[in-house]
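What follows is calculated from the coordinates using simple rules that are stated; it is not laboratory data. Please read all numbers here as calculations on a predicted model, not as lab measurements. Quick reminder, even Gly has a Cβ in these numbers, built from the backbone with ideal geometry, and neighbours come from all protein chains shown.
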Amino acid sequence: MMCKRWDSLSNTLRLAAAVACSGVALMAHAGWTVGQVAPLSGAEATQGRAYSQGMKLYFDQVNKAGGVQGQPVELVVADDVGHPDETVAKARKLLSDSKPVVLAGFFGNRNMAALMDSKLLESSPLSVVGYQSTDTRVLASGQFFATRAGLAEQMNKIATHLATVGITRLALVYEDRPDAQALNDLVGKAIAPSGAKLVSAASMKSKASVDKVVEQLRASKTPAQAILVVASSPTTAAFVESYRMDGGSTQIYATAEADIEQLAKRLPVEYMSGLSIAQVVPSPYKVSAKLNKEFRDAVAAAGKSVDVPVSFAMMEGYVNARVIVEAMRRSQPVTPEKVTAALRTLDAYDLGGYWVGYKPGSQIGSRYVDLSIVSASGRVTQ
């Protein structure tokens, strides 16, 4: 009788131990990790922090509603200070320590190029969902999913807009990059349908080179009617300042990498006048569509936990998080392989007036492009 009691007690202890061990395992693997490496300090910190905040806004909403398949979504963010070598180092550590099911919200041409060159993700099923880069290799990679319009779509929108007022002679100014020829080819092809053509192209690497580009534009025998700028916010600001100080009055059109809120802080109103920026997500300041309203409601609900100003970068992060969560919900179970497979089959997913979808051979998920235009008084219109 005593033996039976001991056997029963032993079995109970074994069961308790098994449950405890199981509980520990569940706790260790509870939740789905999204990994982000972005500039949280340095010159691009404002955009990096805003993008991260936008993703967190939606993940918090999802978690309050029960998470994805009963598990919370956790955003793990590492600061690369905008340095390419740090992007690779921090990504490697994040993969090792946090075991994310997806990566998201990376920034910068050189940073993304360094990530590709490192081959860190080459044998990995992980995808990078959402990024800010115009590097042509990244845009063509099957492992990087853009949740915004690409460079070609932005350039096509700008050229089409300019053609309506008879402007077809365009100059291209860009940040120094290894894929310069591919960039020129892409832009030339994108603007051709509107009848526009490039009359000159020049790269900027330093403050001295920015001034030299301005001199080249002034001395050009075939003056451009408008200038296209493909560069980060700091470099775009440096060019606009140098060009305006030199007396240049030609209209300037920049891609979405040049954050309009940051330019407005760096440049006086008289330099901002006539500047236009391509926007790849709906305005975070309006409630004209369902997505806009849901974003504004999320910001209001988050209250003081939102520690950076509302911006286009924050809206883009919010959009990105929604696409990631949708891919997770379509994954059974949630693994890097399943999330990537779900993304590849995402077709015309409506976020509330903003659609994201992918087709074979294309990882550019959106065609939405609008233009923010700065008036002489400094007012921004869309």
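In this structure, the amide hydrogen of W32, modeled 1.01 Å from its nitrogen in the peptide plane, lies closer than 5 angstrom to those of V73, E74, counting only residues at least 5 positions away or on a different chain. Going by neighbour counts of Cβ atoms within 10 Å, the residues I191, I324 line up, fewest first, as I191, I324. The dipole here belongs to the chain: it is taken about the Cα centre, uses +1 on the Cβ of Lys and Arg and -1 on the Cβ of Asp and Glu, and is about 640 debye.
Peptide packing: for 195-203, 38-46, 150-158, the average count of neighbouring Cβ atoms within 10 Å per residue gives the ranking 150-158, 38-46, 195-203, highest mean first. A cut-off under 9 angstrom between Cβ atoms defines the neighbours of G42, and their net charge, with Lys, Arg +1 and Asp, Glu -1, is -3. The local environment of A180, defined by Cβ-Cβ distances under 12 Å, has a net charge of -3 under the rule Lys, Arg +1 and Asp, Glu -1.
Helix 207-219 and the long axis of the chain differ in direction by around 40°, with both axes built from C-alpha atoms.
Dimensions of the chain from C-alpha coordinates, computed as largest minus smallest value along each principal axis and given longest first, are 106, 41, 36 Å.
In a fully extended conformation the segment linking W355 and S118 would gain 82.1 nm over its present Cα-Cα distance, using 0.36 nm per residue. Gain on full extension, evaluated as 0.36 nm per residue between Q216 and A302 minus their Cα-Cα distance, stands at 26.1 nm. Taking the centroid of alpha carbons for each part, the stretch 314-382 and the stretch 117-158 are 13 Å apart.
A crude spin-label estimate for the pair V76 and L198, with each label 7 Å from Cα along the Cβ direction, gives 4.1 nm. When you work out D = kT/(6 pi eta Rh) for the stretch 151-279 at 4 °C and 1.567 mPa s, using the Kirkwood radius from C-alpha pairs as Rh and the Stokes-Einstein form, the result is 90 µm²/s.
Return the FRET efficiency for the residue pair S141, R92: r is the Cβ-Cβ distance, R0 is 22 Å, and the value is rounded to the nearest 0.05. After rounding, the FRET efficiency stands at 0.75. To the nearest ten degrees, helix 290-302 and the longest principal axis of the Cα atoms of the chain are 60 degrees apart.
Each Lys or Arg adds one and each Asp or Glu takes one away; over the other residues whose Cβ falls under 14 Å from the Cβ of G353, this sums to +3.
Cα centroids of the stretch 272-301 and the stretch 68-115: 26 Å apart. Relative to the first principal axis of the alpha-carbon coordinates of the chain, what is the inclination of helix 151-163, with its axis defined by its Cα atoms, in degrees from 0 to 90 and to the nearest 10? Between helix and principal axis, roughly 30 degrees.
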